[in-house]
Amino acid sequence: MPLHKTPAIILNHKDFGESDKIITLFTYSLGKITSIAKGAKRSRKRFANQLDLFSFVRPILWEKQHSSLTRIDQCDLLQPFASIRKVPERFAYAAYFCELVDAWVKDRDPHAELFHLLLWALRMVDHGASLAPLSVIFHLRLLTIVGYAPNFIACVTCNLWKGGQVFYSFNYEKGGIVCSDCAFNLPLKNRLSPGTVKLLSLAQKTSLAKLSRLHFSAQPLAESAPILENFVHSLLGKEIKSYRFLSRSHECIR
Amino acid sequence: MSVFPPALLRLIRNLGNLPGIGEKTAARLALAILRWPEVRAKELAQSIDEVKEKIRFCSTCFSFTETDPCAICADPKRTTDAICVVEDPGDMMAIEKSSGFKGRYHVLHGVLSPMDGVGPDELKIKELLLRIKSGQVKEVILATSPTVAGEATAAYLAGLLQNEYIAVTRIACGVPMGTDLKYNDEMTLRRALEARTKA
């Protein structure tokens, strides 16, 4: 029975039976795994506060032969992100980010870059960063990491960079910007101003440590957020329940 | 071909639908029921039937009841100016056992859970607001669990109720009775210090 000790983020959990919990973990070295924590609902000794949503933990995982389900015997809490729970909007965004990662990654497929992105995003949410720009950056970096980086360098139809354009459009099928000459049949709502394109291109390349310095004003946010969200969701091809919650609750929460 | 007759298989399948019951446990329970005297088995069937027929939500607090309003809402000795908001009827029973609260309850039937598609509309929040608007309530005690989802739900409710002219309080979180202080985790200790009271 192999034993693993690896940093992990708790993506989701479900009650199982009288006192157990099934935990979905995004681990650094094993990727996404599902684990059972025996007695987690009752035991204050072994898992007090450690197996709650979004927590950054270091569990000790036992692998069983012929079973995809690992067993958590012990867990160290590295960062509980205690501020997320105090603000409903932060809670909604943290849940959305975790669900997106859960939907993108396959079981047991380690992805260090994605792990760092999620950890960074949860830290930013916990520290009270502006959530709408954070969400745009998260979508953009997620797409880049999983191999669907949107092309903001040249028109995806004519392959040319045309400066001095009044607007660009976004083509979901080709995953990039289209110059105004080639964008005659694209809907108006897919439009991006040159300033937004420049900002998104910069956000794609900047290191995570420096990303918080980027400033998204209202216009780039309004233009890019729906496009990136739709692009991610169309690639996923399945419903993200937290997104529905976010959209529905925005008015009440704000 | 299955080794069990169809009627037994049906029972196993139905018991297997219960939360936390797998196929093996369902088979064990079904075989136990089969071995019971007929009277006992019929009593079980009757109690399931009765539960579905008689139990409903109390139209005031939304806990399970046979009569509407429930015994707690109909009790004239209980104060009407304090409402304790809980996640489910189980939490209400736990608080009742403590005998520490003599007001009324409101059962939300869950907590906000974006990943399960549970938003404010899926909980009994509108009904709580209506109760508060009736004007008798002076204090709302938010007694959701101190989990991430429970705390976020409490924060959401506190935000909704901030403009109402009532006191909104949250149950204290901290060191459990009878434990050694040094064995408590950092977060519990921090919350215990935040919720300290005058000795």
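The criterion of at least 2 residues that are within 11 Å of another protein chain (Cβ to nearest Cβ) and aliphatic (A, V, I, L, M) is met by none of the strands (runs of 3 or more DSSP E) wholly inside the range B:83-199.
Residue-by-condition table, conditions (1) out of contact with any helix residue (DSSP H, G or I) (no Cβ under 8 Å at 6 or more places or on another chain); (2) within 30 Å of B:Leu160 (Cα to Cα); (3) of a type outside the set (Ser, Thr, Tyr):
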residue: A:Asp52; (1), (2), (3): no, yes, yes
residue: A:Leu61; (1), (2), (3): yes, no, yes
residue: A:Ile84; (1), (2), (3): no, yes, yes
residue: A:Arg90; (1), (2), (3): no, yes, yes
residue: A:Tyr96; (1), (2), (3): no, yes, no
residue: A:Val105; (1), (2), (3): no, no, yes
residue: A:Ala121; (1), (2), (3): no, yes, yes
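A:Glu223 satisfies every condition listed in (1) more than 14 Å from chain B (Cβ to nearest Cβ); (2) open to solvent by 50 Å² or more (accessible area, probe 1.4 Å) except (2).
Which ones in the range B:13-28 are in a loop (DSSP other than H, G, I, E, B) and more than 23 Å from A:Ile22 (Cα to Cα)? Listed by number, the list is empty, since nothing qualifies.
For the range A:4-19, the condition holds for at least one residue, the condition being that it is assigned to a strand (DSSP E or B), open to solvent by less than 20 Å² (accessible area, probe 1.4 Å), more than 8 Å from every other protein chain (Cβ to nearest Cβ) and closer than 20 Å to B:Thr144 by Cβ. Only a single item in (1) assigned to a strand (DSSP E or B); (2) touching a residue at least 24 places away in the same chain (Cβ under 8 Å); (3) over 21 Å from A:His111 (Cα atoms); (4) of a type outside the set (Gly, Ala, Ser) is not met by A:Lys41, and it is number (1). Among the residues making up the range A:108-122, those that are open to solvent by 50 Å² or more (accessible area, probe 1.4 Å) and in a helix (DSSP H, G or I) are A:Glu113, A:His116. Residues of the range A:22-37 that are within 13 Å of another protein chain (Cβ to nearest Cβ) and open to solvent by 30 Å² or more (accessible area, probe 1.4 Å): A:Ile22 alone.
In the set B:Leu31, B:Leu8, only one residue is among the hydrophobic types (A, V, I, L, M, F, W, C), part of a helix (DSSP H, G or I) and out of contact with any helix residue (DSSP H, G or I) (no Cβ under 7 Å at 6 or more places or on another chain); that residue is B:Leu31.
Scan the range B:34-43 and tell me whether some residue there is assigned to a helix (DSSP H, G or I) and either under 25 Å from B:Ile166 (Cβ atoms) or under 18 Å from the mean Cα position of the chain (by Cα) (or both). No, that holds for no residue. Selection of the range A:54-105 for residues being in contact (Cβ under 8 Å) with a residue 60 or more places away in the chain and either small (Gly, Ala, Ser) or facing another protein chain (nearest Cβ under 7 Å) (or both) yields A:Phe54, A:Pro88, A:Ala92, A:Ala95, A:Tyr96, A:Glu99, A:Ala103. Among the residues of this structure, A:Phe97 does not count as one that is closer than 23 Å to B:Arg191 by Cβ and not in a strand (DSSP E or B). One residue alone among A:Lys238, A:Lys210 is within 14 Å of chain B (Cβ to nearest Cβ), within 27 Å of A:Asp102 (Cα to Cα) and loosely packed, with under 13 Cβ neighbours inside 10 Å, and that residue is A:Lys238.
The values are calculated or read from the model by the stated rules, or taken from the named source; none is laboratory data. Worth saying up front: this structure is predicted, and the values here are computed from it rather than measured. Here Cβ is always computed from backbone atoms with ideal geometry, including for glycine, and neighbour counts include all displayed protein chains. Surface accessibility is based on the protein's heavy atoms, side chains included, excluding ligands, DNA and RNA. Shrake-Rupley method; radii C 1.70, N 1.55, O 1.52, S 1.80 Å.
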